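Just so it is clear, none of the values below were taken in a lab; they were calculated from the coordinates. Computed from a predicted structure; not experimentally measured. Please note: Cβ atoms are built from the backbone with ideal geometry, for glycine as well, and neighbour counts cover all protein chains shown.
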Amino acid sequence: GESVGLHLPTLSVQEGDNSIINCAYSNSASDYFIWYKQESGKGPQFIIDIRSNMDKRQGQRVTVLLNKTVKHLSLQIAATQPGDSAVYFCAENTQPGRGANNLFFGTGTRLTVIP
Amino acid sequence: KAGVTQTPRYLIKTRGQQVTLSCSPISGHRSVSWYQQTPGQGLQFLFEYFSETQRNKGNFPGRFSGRQFSNSRSEMNVSTLELGDSALYLCASSSGQGRETQYFGPGTRLLVL
């Protein structure tokens, strides 16, 4: 089956620094990608999404970059704060055009912000 | 607007029993998807319901089933529970138009003894 993988299982950053979380995907037909944040004891929380017709999308303190050539996705968090500590998942919709919702998730990266 | 709600939040069952979990989507959302999250397998798609019909299904055995009601609320059922079914079960809702953000509930933590 298709897979979404993360390069690093853990990431530690100093408060105030920028964080970059990476994700590789294998299905070149995937056309929609989402980043989720999951804190302990909670369900995944939507952060930002991007469609395959875009290379970059910015939100509040977050930016997602999509490189379709190498099938790579990244999440950049500016001025990382202690509240950003969580597990971050990338997810892809591998069924473009079907109108169905079926997300494949990566294994997750645990981000730890050091005060 | 209220978020996705799931009940119960925690559940303990024994092997061989069956369990039913409930999910209420965000108001106006017609699609409900269910996921299983375990430390070993991560987040895995179970199935999706839209307008009371199962529209999509993952690779789980037939012991896992679900349904959706006319008000879009959904239930999932697991019969003949196994130890490996211990997991966090998450539901997510969306409007159902495809390739769109799914919003997750807090999950139901199931422990099978």
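Quick notes
- When residue B:9 is tested against the conditions (1) surrounded by fewer than 20 Cβ atoms within 10 Å (Cβ to Cβ); (2) more than 10 Å from chain A (Cβ to nearest Cβ), the lone failure is (2).
- Any strands (runs of 3 or more DSSP E) falling wholly within the stretch B:1-41 and containing at least 3 residues that are polar (S, T, N, Q) and farther than 23 Å from residue B:95 by Cβ: B:31-38
- Positions within the stretch A:56-78 being over 14 Å from the mean Cα position of the chain (by Cα) and more than 19 Å from residue A:111 (Cα to Cα), in sequence order: A:68, A:69, A:70
- Whichever residue in the stretch B:52-109 is away from chain A (no Cβ under 14 Å) and aromatic (Phe, Trp, Tyr) and, among such residues, is farthest from residue A:37 (Cα to Cα): B:69
- Taking the listed residues A:85, A:19, the one that is farther than 28 Å from residue B:5 by Cα and surrounded by 12 or more Cβ atoms within 10 Å (Cβ to Cβ) is A:19, with no other qualifying.
- Qualifying position, being under 17 Å from residue B:94 (Cα atoms) and either over 10 Å from the mean Cα position of the chain (by Cα) or without any contact (Cβ under 8 Å) to a residue 24 or more places away in the chain (or both), among A:38, A:81, A:45: A:45
- Breaking point among (1) within 19 Å of residue A:42 (Cα to Cα); (2) crowded, with 21+ Cβ neighbours inside 10 Å, for residue B:48: (1)
- Search result, residues across the stretch A:53-83 that are out of contact with any strand residue (DSSP E or B) (no Cβ under 7 Å at 6 or more places or on another chain) and of a type outside the set (Val, Ile, Thr): A:53, A:58, A:60, A:67, A:68, A:78, A:79, A:83
- Members of the stretch A:22-61 found to be at the interface with chain B (Cβ under 10 Å from one of its Cβ atoms), surrounded by fewer than 17 Cβ atoms within 10 Å (Cβ to Cβ) and assigned to a loop (DSSP other than H, G, I, E, B), listed by number: A:41, A:42
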